[in-house]
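Everything below concerns the one structure shown next.
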Amino acid sequence: MIEDLRRDLRRSAWHDWGAMRWWVLGFALIAACKRDATADEHRLPPSVPPIPAIDDRCNPSRDRLCLGDDVWACEPTGTLGRRIQACHEGCEDGRCNATCADASAGLIYVVDASDQLRSFDPRKLPGDPFELIGPLRCTALGGPFSMAIDRHGVGWVVYGHGEMFKISTDDASCRPTSFVPIARFGMGFVTDGPGAKTEQLFLAADDPTRALYAVDTAHSVTPHPVGAITAGETQNPELTGTSEGKLFGFYPMTDRPSFVQEIDRSTGGPKGPRWPLGKAPLGNVNAYAFAQWGGVFYIFVTTIDDEGRVDAAVRAVDRATGTYRTVMENLPFRITGAGVSTCAPERDQ
């Protein structure tokens, strides 16, 4: 009897120890799994790189930006990339400021009624001097009315309601300025003196005031009145300037020959001789633009005759001789603005 009791106790103890052993093993496995799971929560797999933060300075529509005097890349993800270029003349709109040694800074640029931006290289004449850059996408009312190019190769375009935008002559991209509209106007940059590296933007108001304004774009976009333009009798002129510090206007006339003449930049009055475009009126001028290059004034004029026929042409007046000629006719687009920087040559090179 006693032996049977001892045997039952040994069997029961062995059974309880086996159960306890399995319970201890299970607890250890659960604890190990929790430790591994906790570690995984704080450790990314080596193959997954950290996600870079979006940089607010990167505009999704541009692949580069200026940081100080350097050009930096913006990745398609909106993150800041590598430094692309160090600029020696400053940086603006994601590119180094052009110098007069850059060929693109000395070209004429034109914009048409369909917002297409083109360069115009007179050296390619009598071949095709136009090269399409692309469409402007400025959020403005009305079409482009006038354009000017600064010595950094940046375009300034005013639209029909007086809004002014800055555009890239590389890719036609567009951004607004803080300019407060005053009226529609023709415009052109002029150096502050012969050979100067500083310049001002002059505006010729296309309204009954015939006002001439000057804007120091290096510091602000506020126009300052200079005087009244008195040489014209009907429409106010389009403007172009030179590295000599001289301002010129093209005056379209309805009943007599249109002409080019220098404008006194301190008063708005006429200076020097008139250069007429032939001996007869051009007709009903529907659009016009104006720029000088190599001692020649290039006038982009669209006319409509009494029967409704449209002719968009390029005309030229030689500044030294006064010789007038038609350079191109029947253009497939109507040019409404033209500009050239003060880097353009004064005489043909």
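The values are calculated or read from the model by the stated rules, or taken from the named source; none is laboratory data. Just so it is clear, the model here is predicted, and its values are computed rather than measured. Cβ coordinates were reconstructed from backbone atoms using ideal geometry, including for glycine residues, and neighbour counts include every protein chain displayed. Ligands, DNA and RNA are excluded from the accessible area calculation, which covers all protein heavy atoms including side chains. Shrake-Rupley method; radii C 1.70, N 1.55, O 1.52, S 1.80 Å.
Full extension of the chain between R62 and T254 yields a length gain of 64.7 nm, computed as 0.36 nm times the residue separation minus the alpha carbon distance. What FRET efficiency do you get for A280 and S178 if R0 is 56 Å and r is their Cβ-Cβ distance, rounded to the nearest 0.05? The value I calculate is 0.80. For K197, the lysines whose Cα comes closer than 19 Å to its Cα, not counting residues fewer than 8 places off in the same chain, are K246. Residues H161, H219, ordered by accessible area of protein heavy atoms at a 1.4 angstrom probe radius and largest first, appear as H219, H161. The 3J(HN,Hα) values that the Karplus relation (6.51, -1.76, 1.60; θ = phi - 60°) gives for the range 299-315 are, in residue order, 10, 9, 10, 10, 10, 10, 7, 5, 9, x, 7, 9, 10, 9, 9, 10, 10 Hz. Gly and Pro appear as x.
With a Förster radius of 25 Å applied to the beta-carbon distance between E244 and K124, the computed FRET efficiency rounds to 0.50. Heavy-atom accessible area, probed at 1.4 angstrom with all protein chains present, ranks K166, K124, K279 as K279, K124, K166, highest first. Dividing the mean sequence gap of close Cα pairs (under 8 Å, 6+ apart) by how many residues the range 115-193 holds gives a relative contact order of 25 percent. Taking amide H as placed 1.01 Å from N in the peptide plane, S146 has its amide H under 5 Å from the amide H of V158, each at least 5 places away in sequence or on another chain. With contacts taken as Cα pairs under 8 Å at a separation of at least 6 residues, the range 210-349 carries a relative contact order of 19 percent. Stretched out straight at 0.36 nm per residue, the stretch from R137 to H219 would grow longer than its current Cα-Cα span by 27.0 nm.
For the range 129-144, 3J(HN,Hα) computed residue by residue from phi via the Karplus equation (6.51, -1.76, 1.60; θ = phi - 60°) reads x, 8, 9, 6, 9, x, x, 7, 10, 6, 7, 9, 8, x, x, x Hz, glycine and proline entered as x. For the pair R309 and A86, the difference between a 0.36 nm per residue extended length and the Cα-Cα distance amounts to 75.1 nm. List the residues, sorted by chain then number, that are 5 or more residues from N284 or on another chain and whose placed amide H is less than 5 Å from its amide H. Close amide H contacts, sequence-distant or interchain: I304. Converting phi to 3J(HN,Hα) with the Karplus coefficients 6.51, -1.76 and 1.60 and the offset θ = phi - 60°, the range 213-229 yields 10, 10, 10, 8, 5, 5, 10, 6, 10, 8, x, 10, x, 10, x, 10, 7 Hz in sequence order, with x at every glycine or proline.
Between the amide H of E199 and those of D192, distances stay under 5 Å, these residues lying 5 or more places away or on another chain, with hydrogens modeled in the peptide plane. Each other residue within a Cβ distance under 10 Å of T217 adds +1 if Lys or Arg and -1 if Asp or Glu, for a net charge of -2.
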